[in-house]
Amino acid sequence: MPVEPPVTTERALPAPGLARRAADALWRAVRRETGPDDPAPPGVVSFAELTELLRKYLPAGDVQRIKEAFRFSDQAHLGQFRKSGEPYITHPIAVAKILAEWKLDAAAIQAALLHDVLEDSGTTKAELTERFGATVAELVDGVSKLDRLAFDSFEQAQAESFRKMLLAMARDVRVILIKLADRLHNVRTLDAMAPAKRRRIGRETLEVYAPIAYRLGLNALYLEMQDQAFARVYPWRSAVLARALVASRGTRAPALGRIADVVRKALKEARLKAEVGGREKTLYAIYRKMADKHVSFTKVQDVLAFRVLVGSRNDCYLALGILHKLYKPVPGRFKDYIALPKDNGYQSLHTVVTGPTGLPIEFQIRTAAMNRMAESGVAAHWLYKDDDHAATDLQARTHQWLQSLLDLQNQSDDSTELMENIKVDLFPDKVYVFTPRGRIVTLPRGATPVDFAYGIHTDVGNKTVAARVNGDTQPLRTVLRNGDTVEIVTGPLARPNPGWLEFVRSAKARAEIRHYLRTMKREESVALGERLLMQATRQLGIDLDTAPAERWDAVLKATQAPTREDILADIGLGRRLAAVVARRLAPTPAAGAELEDIAEQSRAALAPALPVTIRGNEGMAVQMARCCAPIPGDAIVGHMRRDQGLAVHQSDCVNARRARRAEPERWIDLVWADETQGVFGALVDVAVDNQRGVLARVAAAIAEAEANIDSVAIEEEASGTAVLHFRVQVADRPHLARVLRALRRVRQVARVQRVRAPLKPGRGDEG
């Protein structure tokens with residue numbers, strides 16, 4: 001962190017070059033200790049260098065406004081120094097230079113020079129607006145962090161800062177471009193930091209900022225961020241790999257030259273104008289390949305790659321044919337990103353061929369315009385005005401992606417959850433699948449039909465029942481592959497299953513499922529809480545519908561709950577007891593009240609509690625306990641569990657009796673409604689002769705009784721018999737009786753019984 005500057009009451013502009021003179025003085029002091037011939041600190045850029053770069057593409061008026069921003073920032077950071085020792089102003093200048101290399105406009109360069117003044121000085125956003133305009137102030141505010149003192153942990157502060165930046169960059173993509181340039185310079189100059197901080201910033205760069213750069217199509221920035229962060233997170237591994245790569249160049253260089261000459265000659269003979277260049281994979285890319293395939297550096301064969309730049313899209317495919325005629329292609333290693341561009345707008349043909357020495361060599365074939373877009377991504381909107389079509393297409397893709405991030409932000413109440421969802425969405429590995437009508441849907445690698453359904457539309461995902469993959473019905477957790485055709489089967493009464501969260505991969509699916517479950521759980525909890533409170537107030541002789549508003553106001557004040565609905569939801573979730581809230585709603589007896597009224601209220605308070613009716617369609621607010629699996633017709637009781645709602649037990653359940661003795665105030669009497677809805681799980685043990693096909697015959701008998709098998713476990717016994725532990729779905733006790741009769745008619749069945757208590761460990765308990 002920089003040293004805080006002295007508090008000043010004026011904002012007078014300093015003389016030009018103040019920071020430069022301070023930097024010179026500092027470096028002279030450093031040289032006296034280290035020697036006169038030592039170079040200046042790495043990464044330091046003077047404002048004169050920046051000005052020279054800006055004059056190449058900005059008008060003189062814009063350059064003058066940028067100079068004013070520099071003077072203001074120079075004054076704001078006066079007396080502040082970086083950990084490496086140079087004046088702090090050198091950092092904003094370096095960030096501005098990175099943006100100038102992308103040829104960003106004057107407002108972005110001004111914001112880059114000012115991006116830390118809100119955090120590190122007494123400057124306010126209003127002051128920036130007055131001096132430099134609303135656009136520059138909004139950009140600076142979007143990049144600035146939030147006050148960490150307001151949060152419980154550093155991780156929460158980081159997540160909230162990211163949420164704020166997300167909202168700002170959705171309005172103006174220049175916010176994230178400034179932030180990426182800021183992060184790039186910081187990661188370039190991390191060596192002065194403590195090792196733990198270097199690792200933390202490096203890891204965050206690898207997990208969040210480098211993938212964002214990739215997603216925006218800033219390939220050169222993405223690759224440098226990865227290598228810089230890799231060197232800080234794993235310094236020893238990076239150094240060893242760098243030495244190995246340098247040592248291998250001597251043997252590879254002649255082969256590279258010969259292959260390039262052969263390719264150039266073949267393309268020329270085909271009258272195809274092309275540029276052919278060789279390159280090495282980055283250190284981090286080599287490391288990831290070694291880690292993913294569990295091989296040493298000597299086993300990583302495709303370290304070298306060639307880039308072929310041609311004149312048109314058609315020429316790309318012609319060049320591909322010539323390469324495949326020269327060298328044998330490696331099966332399964334061809335990718336057409338021209339016909340199917342990546343989400344970040346990247347277009348190129350990738351192919352791996354077997355070189356003359358037997359080693360695999362990668363070729364990337366693209367046009368010059370595709371290459372510019374690949375290197376500069378969304379920044380190409382400013383860089384290359386002549387390529388409006390490609391830049392506009394990428395702008396549209398970027399806007400769509402930013403909008404999807406906003407949707408995630410709206411669905412995620414918790415900032416750390418939002419951060420995790422975005423990390424999932426940033427993974428570059430994708431699969432491409434098709435709708436039945438041929439529309440392409442891009443999903444993260446490992447995605448399932450549920451991810452596909454939410455990729456089509458939220459309503460489709462929420463109502464998913466089943467899926468057909470390539471015409472065959474498949475489980476919803478099936479992992480999709482490139483080229484699969486997926487059809488989703490929906491149902492009007494279907495709803496998201498909490499179990500889907502265990503296998504969905506896309507951030508949108510995860511966020512939408514969680515949002516739906518939270519919303520439905522609250523709605524169902526409010527409804528249950530209202531029923532419980534109505535029962536409790538009726539017990540006290542109070543009509544909940546006509547309870548005076550002042551009594552409700554008193555309850556809200558005493559409980560510090562925002563609304564009545566919040567109190568009802570808390571009751572339904574077991575956070576508050578209905579009886580306690582009901583007593584708060586009861587009117588206080590007036591002085592001189594008649595004894596008969598007081599006695600009547602006392603009798604009502606001491607009367608047996610009225611049971612709550614259970615219909616079976618209450619949703620997540622009411623759950624059947626798995627230990628005893630009650631079904632309609634059983635005598636039942638309810639346990640109000642904190643934050644989990646009402647668990648329904650059989651009255652004679654062993655777990656229920658034990659827990660009721662410990663917390664009697666959290667138990668209520670329940671009854672089944674005359675007409676229940678849905679199906680209920682019942683535990684059934686079936687002892688059978690252990691013969692071939694017996695499970696199929698038993699399952700067929702259950703199906704004939706119109707019941708569904710929820711789960712089954714087999715326990716073999718030494719006497720040649722086995723016990724099948726079933727959880728079957730039935731409507732009520734008469735339905736279960738039909739199932740038991742059907743099972744007894746199977747010849748191999750020796751004994752059938754319903755399990756009313758957890759006879760075996762692991763059969764389940766509440767929830």
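Rule-based calculations on the coordinates, nothing more; no lab input. None of these values were measured; they are calculated from a predicted model. Ideal geometry is used to build each Cβ from the backbone, glycine not excepted, and the neighbour counts take in all protein chains shown.
How big is the gap, in Å, between the Cα center of the range 494-533 and the Cα center of the range 677-735?
What the calculation gives is 30 Å, centre to centre.
How far, in nm, would the chain grow between Ala700 and Arg271 when pulled straight, counting 0.36 nm per residue and subtracting the alpha carbon separation?
On the way: separation 429, 0.36 × 429 = 154.44 nm, distance 7.09 nm.
Extra length from Ala700 to Arg271 when fully extended: 147.3 nm.
Exceeding 25 Å between C-alpha atoms, which entries from my cross-link table qualify? They are Lys289/Lys328; Lys265/Lys325; Lys67/Lys97; Lys268/Lys328; Lys268/Lys325; Lys56/Lys83.
From Lys289/Lys328; Lys265/Lys325; Lys67/Lys97; Lys268/Lys328; Lys268/Lys325; Lys56/Lys83, over 25 Å: Lys56/Lys83.
Run the paramagnetic zone check for Arg657: 7 angstrom along Cα to Cβ, then residues of the range 729-754 with backbone nitrogen under 19 Å.
Label zone hits: 754.
Extension gain Asp191-His457, at 0.36 nm per residue separation less the Cα-Cα distance, in nm?
91.1 nm
Starting from 0.36 nm per residue, how many nanometres of slack lie between Glu127 and Arg745 once their C-alpha separation is accounted for?
So the extension gain works out to 213.9 nm.
Give me the distance between the Cα centres of the range 469-492 and the range 43-104, rounded to whole Å.
Result: 54 Å between the Cα centres.
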